[in-house]
Amino acid sequence: MELLFQISSKVLRDATALKLNGRTDGGEGSDLRVPGSTPQDNILESSIIELVRERSTGWGVISEEGLLEKGDGTTVLYMDPLDGSYNAVNQIPFFSTSLALFDVGSEEVTHAMVIEIPTGRIYHSMLGSGTYMDNIRLHTRDRDLKDAALSVYIGSESITQIEGIVNGVRRIRYLGCDSLEMCSVAQGSLDGTLYFGRIPRKTDIAASMLIVRESGGEVFSVLKEGGSKTCRLGDPWGDLKGIVSLGRPANIQMLLPLYCGLSQGINAGDDST
């Protein structure tokens, strides 16, 4: 975990130099209109890899572009250097860097960190040790689904599939940064996140999966053949219909009947958020 905190300090310094502060400061936002990595993504990614090469004990590295460092085959860092890049370059103050250490032998994420860049807040978890925002222990909110506030991905791939959910819960939001939305579930600000139509990349939510679980919630894979199961980073995600995180895990049984899902139209996600 010490190296992850070192990386977080460097990310925040680099973000300041890149003027990634979520404020316009009298200027104008970027004219980014298409998916894909941004220069800011690439700079932060290079900075993280440099530290991993210098200070880690043989970590491999997987980022949005795939395997970047092979490592010694025991520990892999799953990272998204700039989650919510559209928000970031348009000065919408909701974007992050996401870091997760995956133990290859146990197929478990053992350490996780999400850095909320505009505020400097750091969400972090260690397997079996709880979730914290800086030094504050976090817990999910125990709320019935009908009263829930959910972040639900809303896009052309999903809009016809989520009608029942929109009508069946109290509040729907979509904020455009998967990792931070799931951290909001961990701290009890949201009751769940739903991704149908666009399955997040593993690098998007690897850290937040542990952060949600260690705060009392759960992350589920919704299967094309019906039903759900615990979502695991080591499992293939190509056949999933959706991914759901919930502060109250039992709500999955009430949620699935509301979903008007179709097997078509599922893709592996992009960087347009």
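The values are calculated or read from the model by the stated rules, or taken from the named source; none is laboratory data. These figures come from a predicted structure and were not determined experimentally. Because the Cβ atoms are built from the backbone with ideal geometry, glycine has one as well, and the counts that use them run over all protein chains shown.
Under 9 Å between Cβ atoms, at least 6 apart or on separate chains: pull out the pairs that start in the range 206-231 with a residue that is basic (Lys, Arg) and end on any residue that is in a helix (DSSP H, G or I) and surrounded by 14 or more Cβ atoms within 10 Å (Cβ to Cβ).
Once the first residue is basic (Lys, Arg) and sits in the range 206-231, its partners that are in a helix (DSSP H, G or I) and surrounded by 14 or more Cβ atoms within 10 Å (Cβ to Cβ) give Arg213/Ala186.
Looking only at the range 12-65, count how many residues are more than 22 Å from the chain's Cα centre (by Cα), at pLDDT 80 or above and either of a type in the set (Gly, Ala, Ser) or not assigned by TED's automatic domain parsing to the domain that holds Phe94 (or both).
3
Name every residue in the range 62-74 that is surrounded by 17 or more Cβ atoms within 10 Å (Cβ to Cβ) and out of contact with any Gly (no Cβ under 7 Å at 6 or more places or on another chain), in order of residue number.
Across the range 62-74, the qualifying residues are Ile62, Ser63, Glu64, Leu68.
When you scan the range 102-153 for strands (runs of 3 or more DSSP E) that lie fully inside it, which ones turn up with 2 or more residues that are buried (at least 22 other Cβ atoms within 10 Å of the Cβ) and of a type in the set (Gly, Ala, Ser)? Before the answer, list the steps.
Values: elements: 108-116, 121-126, 131-133, 149-152.
Because the criterion is at least 2 residues that are buried (at least 22 other Cβ atoms within 10 Å of the Cβ) and of a type in the set (Gly, Ala, Ser), no strands (runs of 3 or more DSSP E) in the range 102-153 meet it.
This table checks each residue for (1) within 14 Å of the chain's Cα centre (by Cα); (2) of a type in the set (A, V, I, L, M).
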{"position": "Ile115", "(1), (2)": "yes, yes"}
{"position": "His124", "(1), (2)": "yes, no"}
{"position": "Gly128", "(1), (2)": "no, no"}
{"position": "Tyr132", "(1), (2)": "no, no"}
{"position": "Thr140", "(1), (2)": "no, no"}
{"position": "Lys146", "(1), (2)": "no, no"}
{"position": "Tyr153", "(1), (2)": "yes, no"}
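Name the pairs whose Cβ atoms lie under 7 Å apart, with the first residue in the range 147-161 and β-branched (Val, Ile, Thr), the second at pLDDT 90 or above, and 6 or more positions between them or separate chains?
Close Cβ pairs (under 7 Å, with a partner that is at pLDDT 90 or above) amount to Val152/Leu194.
When you scan the range 220-243, how many residues do you find that are aliphatic (A, V, I, L, M) and buried (at least 24 other Cβ atoms within 10 Å of the Cβ)?
Step one: of the range 220-243, the residues aliphatic (A, V, I, L, M) are 222-223, 233, 240, 243.
From the residues that got through so far, the ones that are buried (at least 24 other Cβ atoms within 10 Å of the Cβ) too are 243.
Number of matching residues: 1.
Within the bounds of the range 220-238, is there any residue that is within 23 Å of Phe95 (Cβ to Cβ) and assigned to a strand (DSSP E or B)?
no
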